[in-house]
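The values are calculated or read from the model by the stated rules, or taken from the named source; none is laboratory data. Quantities reported herein were computed from a predicted structural model and do not represent experimental measurements. We place every Cβ from the backbone using ideal geometry, glycine too, and count neighbours over all the protein chains shown. These accessible areas exclude ligands, DNA and RNA; they are computed on the full protein's heavy atoms, side chains included. Shrake-Rupley method; radii C 1.70, N 1.55, O 1.52, S 1.80 Å.
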Amino acid sequence: MQTICLIGKPNVGKSSIFNRLIREKKAIILDTPGITRDRLYGKVKYKGKSFHLIDTGGISLENSQFDHEIIMQAQLAIDEADIILFVVDGLNELNSTDNHIKNMLHKSNKKVIVVVNKLDNEKRKENIYNYYELGFPVVIGVSAEHNLGFEELLNEITKDIKEEEIVEDNSLKFCVIGRPNVGKSSLINALLNENRVIVSDIAGTTRDAIDTKFRYEHQDITVIDTAGMRKKGRIYENIEKYSLIRSLKAIDRSDVCVLVIDASMGIIEHDKHIASYAIDAGKGIVIAVNKWDTINNPDKEISKWKELIKSEFQFIPYANVVFLSAMTKKRMNTLMPEVINAYENNKKEIKTSLLNNIIMEAVSIHEPPSYKGKRLKIYFVSQTGNKPPKITMQVNNKGLVHFSYERYLENQIRNNIDLTGTPIILQFKNKGE
């Protein structure tokens with residue numbers, strides 16, 4: 001899948017364009033230059049074609065450490081991208097920062113589309129011709145605020161992208177994700193050494209990722225290693241967020257994600273961010289605490305770590321946890337059973353009668369709270385999708401569904417059906433919708 005990135009100076013509307021393209025309000029939009037500090041990622045679908053989209057912080061030529069880091073982020077985004085959207089402000093003249101970005105992009109030898117934002121009337125559209133002086137052949141005017149020009153932009157972005165082909169491959173695919181230096185590659189090497197029958201190594205669609213096919217318990221499995229990082233100087237070393245786009249591409253191709261945590265360093269916020277991408281993508285998940293050989297009194301520490309993970313990863317209480325050491329290979333045998341369990345539950349088909357019995361009993365035990373004299377009624381429940389399981393409930397008024405009651409219903413489903421290792425989606429539809 002191709003990768004498109006947005007580049008430009010602060011306050012030209014990159015985040016607004018990003019939100020228009022992914023059709024979500026995911027980026028922070030404020031009139032403060034530099035508010036988008038980290039790259040943001042999304043997946044765009046248009047007329048049967050898909051691409052990854054990266055938003056970057058605004059490039060400034062000031063000398064602060066913050067601006068220096070944003071330029072480094074932008075350079076890596078440019079390296080990862082197949083097409084670059086150079087966003088400029090259609091209400092202002094080009095300046096030295098635009099020219100600096102122009103020079104960066106000409107050196108990249110990538111396809112560049114100049115996107116002139118804030119062109120929301122005919123007079124302003126005349127300004128578009130001024131931007132051909134940047135030296136790029138494709139210039140498109142848009143207004144993110146008024147949602148103008150995006151069909152032309154999307155047609156230009158996707159004109160050379162092939163429509164997605166559905167490839168029938170029902171074998172289990174899982175990827176190993178996590179920040180650098182937690183032992184992702186070591187874990188895969190230990191796993192493949194333990195399960196010695198390796199079928200093949202195939203270069204994946206993700207740069208620097210390797211798809212390795214092997215057999216485990218008479219089952220064909222593919223593991224995707226996302227650990228490789230090109231080291232073009234110091235800016236690529238030990239900057240954990242820069243490797244995220246590779247992980248996202250691998251997540252997209254996987255059924256299950258193994259989130260690796262370094263037992264010697266503990267849990268940090270970035271571990272949770274990486275886990276959230278897997279959950280947002282609807283993938284099964286297993287948490288692997290690696291470097292367990294560095295822990296003193298490991299049998300006693302397991303219970304403490306379980307409580308710590310339960311506290312830090314409250315948004316995925318259904319994820320099973322394994323404690324292992326890729327270096328010593330101790331407890332490596334605990335990983336694959338959990339990966340397979342998460343995979344099976346992620347694609348599980350649940351009988352309609354069972355779902356209705358669970359929900360009706362849950363309602364009889366604890367009926368929905370009333371709101372302004374009205375109470376939620378659930379008429380019928382059925383599974384309407386999998387990977388992950390999607391459960392649809394026909395109700396009298398979906399506006400009466402409180403988030404706490406939705407969580408209660410999910411817990412009742414999980415209490416009666418083994419769905420460990422996978423998120424589930426609850427959807428509420430008004431009767432007859």
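Residues that are of a type outside the set (Val, Ile, Thr), in a strand (DSSP E or B) and open to solvent by less than 10 Å² (accessible area, probe 1.4 Å) within the range 82-124 comprise Leu85, Phe86, Asn117, listed in sequence order.
Do we find that Gly178 is at pLDDT 90 or above and among the small types (Gly, Ala, Ser) in this structure? When the stated conditions are applied, Gly178 does not pass them. Return the only residue of Asn333, Asn346, Asn341 being over 16 Å from Val260 (Cα atoms), among the polar types (S, T, N, Q) and over 21 Å from the mean Cα position of the chain (by Cα). That would be Asn341, the only listed residue that is over 16 Å from Val260 (Cα atoms), among the polar types (S, T, N, Q) and over 21 Å from the mean Cα position of the chain (by Cα). Under the condition of being closer than 16 Å to Trp305 by Cβ and in a helix (DSSP H, G or I), the residues counted in the range 323-334 number 1.
For the range 420-430, the condition of being under 30 Å from Asn296 (Cβ atoms), touching a residue at least 12 places away in the same chain (Cβ under 8 Å) and surrounded by 15 or more Cβ atoms within 10 Å (Cβ to Cβ) holds for at least one residue. With respect to the stated conditions, Val322 is open to solvent by less than 70 Å² (accessible area, probe 1.4 Å) and touching a residue at least 24 places away in the same chain (Cβ under 8 Å). Of everything in the range 342-357 that is in a helix (DSSP H, G or I) and in contact with a Leu (Cβ under 8 Å, 6 or more places away or on another chain), the residue that is surrounded by the fewest Cβ atoms within 10 Å (Cβ to Cβ) is Asn345. Of the residues Ile359, Ile261, Ile340, the single one that is of a type outside the set (Gly, Ala, Ser) and closer than 30 Å to Leu400 by Cα is Ile359. For residues that are open to solvent by 60 Å² or more (accessible area, probe 1.4 Å), closer than 20 Å to Ser353 by Cβ and in contact with a strand residue (DSSP E or B) (Cβ under 6 Å, 6 or more places away or on another chain), tally how many sit in the range 378-419. Summing the residues that are open to solvent by 60 Å² or more (accessible area, probe 1.4 Å), closer than 20 Å to Ser353 by Cβ and in contact with a strand residue (DSSP E or B) (Cβ under 6 Å, 6 or more places away or on another chain) in the range 378-419 gives 4.
Return yes or no: is Asn333 farther than 21 Å from Asn181 by Cβ, in contact with a helix residue (DSSP H, G or I) (Cβ under 9 Å, 6 or more places away or on another chain) and open to solvent by 10 Å² or more (accessible area, probe 1.4 Å)? In short, yes. In the range 221-243, the condition of being surrounded by fewer than 16 Cβ atoms within 10 Å (Cβ to Cβ), modelled with pLDDT of 75 or more, basic (Lys, Arg) and not in a loop (DSSP other than H, G, I, E, B) is met by no residue. For beta carbons closer than 6 Å, sequence separation of 6+ or different chains, a first residue in the range 44-61 that is over 24 Å from Val88 (Cα atoms) and a second that is assigned to a loop (DSSP other than H, G, I, E, B) and not charged (D, E, K, R), the qualifying pairs are Lys49/Ile161; Ser50/Met1. When Ser64, Ser50 are checked against the criterion of being of a type in the set (S, T, N, Q), modelled with pLDDT under 85 and surrounded by fewer than 20 Cβ atoms within 10 Å (Cβ to Cβ), Ser64 stands alone in meeting it.
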